[in-house]
Every structure is written in C-alpha cells, then in structure tokens.
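Down below is the structure, laid out as structure tokens.
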Amino acid sequence: MRTVVCIIGLTLFNCATRAQIATSLAPEVREYVKVDAPVVALVHARLIDGTGSAARDQQTVVIREGKILFVGRDGDPPLPRDARVLDMNGRTVIPGLIDMHGHMFYTAGNVFTKDGKLAPGGITLNEMVYSYPRLYLAAGVTAVRTTGSIEPYTDLNLKKWIDQGMIPGPKMDVTSPYLEGPGTMFPQIHELTGPDDARKTVAYWADEGVTSFKAYMNITRAQLKAAIDEAHRRNLKVTGHLCSVTSREAADLGIDNLEHGPLVVDTELVPNKIPDKCPPFADMLAAQANADVNGPVVQQIMRDLIQRHVAVTSTLSVYELDIPSHLPLRKEVLDAMLPESLISYLTLRNNAGKDPHWLMRFQKEMQWERAFYTAGGTLLAGSDPTAVGYVVGGDLAGYGFQRELELLVEAGFTPLEAIHIVTAGNAAFLGQSERMGTIAPGKQADLVVINGDPSTNISDIEKVEIVFKDGVGYDPIKLQEAVRGMVGLR
C-alpha cells in the first residue's frame, strides 16, 4: 500500500487518507481505538473552534475520511445517511492540543545530592518510548514538537512508527539533539567545539530528518550564529533554552523562538554577567525573582523580542515543580509513575519550596507572559515533561500540558485565549494552520471531546473522553491504564 506524504511549512507529516490509516493500524494500536467509522457525526456539541471566538452550543461536526467535512448548527444540513452519530450533549469539542515543548525522555532518579549539589556524573535521561506517546494522546495532545532530543534516532523512529500506525501517539515534529557548548550537566549531550562544529551538526541532523533545532544553556554566540545561519539556509527554525547567551543577544543573531519565558532564564538581568558564560544559578534565581516586570530593562527585552518577531514558549508547568505547595497532587500522574520514581518525586517535593525566590520568579514570569501577549508578542505553550529541576517528577507527558493551560488561566489569560494559544497559535508557528489548530471544513479531524466546559472552567480540560487523530477516536482511559507504573522505566 502506498503512503502519501506531504511537506507543508516547516514540518513533515504523514498525509495518508483515513482509509489508509484505518487499514494500516496495527493490532497494538487498535486496542486503544474507541471510534472508527468512515463518517462520524458529533451532534449537540459545545464547540470551541480554536480561533479565540466564544464557545457555540448545539453544534454538529461531521468527519469524513479523516478530515472535517462540516461544522455548523445541529440539523443544518441533514446528516449523511452513513454517519455514525455520537451525542455530545454536555460535552465540549475542541481542536487537538499541540505541545510546543514536549520531550520523549524522563529523568532517571535524583539529580542532586543532600547538600543541593549536582550529583556526580550529572543528569542521566531515560527515553520513554512506550509511555510518553500514549500519555500525550490520552491527554488530547495530537501533535508535539520534541524541543530537544536525547536519543534523536529513537525519536525519528517513533515518529515513523506512529505515522505508519504501528504504535499510538501524537504527530511529531522532531527537534535536533541539544546544541550545547562546554560545561553541560548531561553526559548524553554532545558539546560543540566551535562554530564549524555547530554548522556541521545542524547540517547532519537536518539531513537525517529533524525539522527544528534547539540551542542550550552553554552555547556561545558564535556557535549559535553558525547554527541559526545553517538552519535558516534550510528553511528550518531554531529555538533555545539559553543562559550563556541572553535573550536579546539571541534575537540579534536571528533566533526564531525562546523557551521558558524568558524571565525565568534570561541572564541579562544578572549583574556583571560575563559574555558567553552562564552565571551561577543562585545569582540567576535572585536576579530573576527580584526583576521589575514594568521596569526599563524587562520592558526593553519585551519590545526587542516583539520587534524582531521572536516567539516565546510558556512552560509554566515545569517551573511549578519547584513550588510544591502550588502544585496539586493528581492521582493520574502518581499512578503513571514507576514506584521508585514516585518515591523520589514525593521525597524531593516534601523538601523543596523553602526559598521564597522560587515563587517570586514564577509569579513574575506569569506577569511577563501576559504582558508580552497583550503587547502583541507571539506566545506559544508547552509542558517540558522531563522532570528536570530541583524537584524531579510530577510534570509528565500530556498531564503537564493540561496543567499548562490551567496555569495560563491563573496568569490572567481567559480560557478561550489559553485554548487558542495551544491550538491555533502553536499550529501557526509550525506552519500548519492549513491542516490543524482550528475546527473548520477541510482540516484534519484532530479533535478532543471533553466532558465539561473548559471555556468556563479550565480544569475541565482534564476530563478527556475521546481523542480523534485523523478521524480515528482513541480511548484515553485505555491509553492511561496501559502505562500505569511505567513512567521512569520506558
């Protein structure tokens, strides 16, 4: 059977028809399928279309051959005779969620000693080949940008296997291995030796099939410039979790996207910062916690990023880990974790959050993101489900992204704005607006059915009943049960 593949924008996605998808699903995938019919009609639904518009009641969405055929009021026009009709009374239908800071790995145990120092050997990361694809899909995440790979060939193969229907999971935009300079905390990360190495690394992984790139904390300005130039030569984008390079320095070099804030990572706020060097963490935390969001330095950072069209990815859910009193314990998260990982998480959680700087920085990041968005900045959103932090664990694939929406609302966004950011906004940055991100005729049938109304109560985003990807409806309960006790192992 021939597979049709299309290249749109910056990313490569499988464009097989619904008939091809349905016939190619492996038995290991079919066991999670809840709805599979050539034509499906969702009737009496509350609809949030992802555009930012108000929710609409008594709506019908018709899916045919994996794409959205019709969206409109119930009964107009009559339903196709061959449709499988699902009553959505009391349910809300939203576009599939797009996680712009996902990963397929998880921290292997404690990373800090009892006195708070980095453990000998650094931080080791385990690839979650089995659990993470299932958890993303179970939570309503139908597409994910991996935003830094530890095992890039594993991620590329995961993408291929998901596209071929061999395993369940979201559509994947695979990001390169971390572009990192000397001094990394991670023994699995290559340290660049100079600009030529940066350029060659980007070229190699672009040829291997990755579709975006991520710079990391110890990269130099010269290395970052070489990486950006090579990626842009290939019409690919670069994002970064930076430290040695400031946000405005990266913007001047042409970076497309900045991760985590940037208030929680920008080192321009640290007094006497040395060029191309990452300052001590204690200095960073104090400077960021005491930053004046309305002051001239932070406001100038905001203006420069907006002027240079640099997108910023919110990842509030991972920074909440450092404030245990703020993060509720969720049963589904605890159930998914390997027993040893759970013990590690609960122990670290119990001992963390004593320094008020953590909460101060977190609150100011929320304030900055809201101001940036209001001023016209491009705000994306992701979860960063790696569990790397002073509290290891608790921010898992899928669940962490649901929590990210809740935190955006806490930061002052309306629920409809938050949903717009994680659907249409993220799709636009990926160059995928013609195919995903909103609910409209002709687009892929990537939809989430929620038992509740997240437009008035964002926590209802956790009540996922069906996840449609390319018109096939998956059962989130079965997906969750399949990975019980596995996160941290595989």
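Quick notes on this structure:
- Only residues that are over 23 Å from V144 (Cβ atoms) and part of a loop (DSSP other than H, G, I, E, B) were counted across region 356-388, and they come to 2.
- Region 187-208, residues that are aromatic (F, W, Y) and surrounded by 17 or more Cβ atoms within 10 Å (Cβ to Cβ): W205
- When every residue of region 92-106 is checked against the conditions, none turns out to be exposed (fewer than 15 other Cβ atoms within 10 Å of the Cβ) and either modelled with pLDDT under 95 or in a strand (DSSP E or B) (or both).
- Looking across L359, L329, L321, L334, one residue alone is among the aliphatic types (A, V, I, L, M), in contact with a Ser or Thr (Cβ under 9 Å, 6 or more places away or on another chain), assigned by TED's automatic domain parsing to the domain that holds T386 and at pLDDT 90 or above. It is L359.
- Where a residue in region 385-411 is polar (S, T, N, Q) and crowded, with 24+ Cβ neighbours inside 10 Å and its partner, wherever it lies, is in a loop (DSSP other than H, G, I, E, B) and at pLDDT 95 or above, with Cβ under 8 Å and at least six apart: T386/H103; Q402/A139; Q402/G140
- Residues considered: D475, D395, D470. Of these, the only one that is at pLDDT below 95 and of a type in the set (D, E, K, R) is D395.
- Flag if V467 is of a type in the set (A, V, I, L, M), crowded, with 24+ Cβ neighbours inside 10 Å and in the same structural domain as Q59 (by TED's automatic domain parsing): yes
- Among (1) at pLDDT 95 or above; (2) within 20 Å of A336 (Cβ to Cβ); (3) in contact with a Pro (Cβ under 9 Å, 6 or more places away or on another chain) - the single one V129 does not satisfy: (3)
- Taken residue by residue, region 316-333 has no member that is touching a residue at least 24 places away in the same chain (Cβ under 8 Å), in a strand (DSSP E or B) and surrounded by 14 or more Cβ atoms within 10 Å (Cβ to Cβ).
- Looking at region 415-490, the helices (runs of 4 or more DSSP H) lying wholly inside it that each contain 1 or more residues that are over 21 Å from the mean Cα position of the chain (by Cα) sit at 476-482.
- Unmet requirement for Q402, which otherwise passes all of (1) under 21 Å from V265 (Cβ atoms); (2) of a type outside the set (D, E, K, R); (3) part of a helix (DSSP H, G or I): (1)
- All positions within region 122-155 that are outside any loop (DSSP other than H, G, I, E, B) and either of a type in the set (G, A, S) or in contact with a helix residue (DSSP H, G or I) (Cβ under 7 Å, 6 or more places away or on another chain) (or both): E127, S131, P133, R134, L135, L137, A138, V141, A143, V144, S149, P152
- Qualifying residue in region 352-372 (condition: more than 14 Å from L263 (Cα to Cα), acidic (D, E) and out of contact with any strand residue (DSSP E or B) (no Cβ under 9 Å at 6 or more places or on another chain)): yes
- Cross-chain or 6+ apart pairs with Cβ under 6 Å, region 59-73 first and in contact (Cβ under 8 Å) with a residue 60 or more places away in the chain and within 10 Å of A445 (Cα to Cα), then crowded, with 20+ Cβ neighbours inside 10 Å and acidic (D, E): G66/D470
- Once region 183-205 is narrowed to residues that are out of contact with any Leu (no Cβ under 8 Å at 6 or more places or on another chain) and small (G, A, S), the residue that is farthest from A231 (Cα to Cα) is G183.
- Evaluated against (1) touching a residue at least 24 places away in the same chain (Cβ under 8 Å); (2) under 15 Å from G181 (Cβ atoms), I274 falls short on exactly one condition, (1).
- Condition met for K354 (out of contact with any helix residue (DSSP H, G or I) (no Cβ under 9 Å at 6 or more places or on another chain) and more than 20 Å from M100 (Cα to Cα)): yes
The values are calculated or read from the model by the stated rules, or taken from the named source; none is laboratory data. Since the structure is predicted, the reported quantities are computational estimates derived from the model, not experimental observations. All Cβ positions, glycine included, derive from the backbone under ideal geometry; neighbour counts span all protein chains shown.
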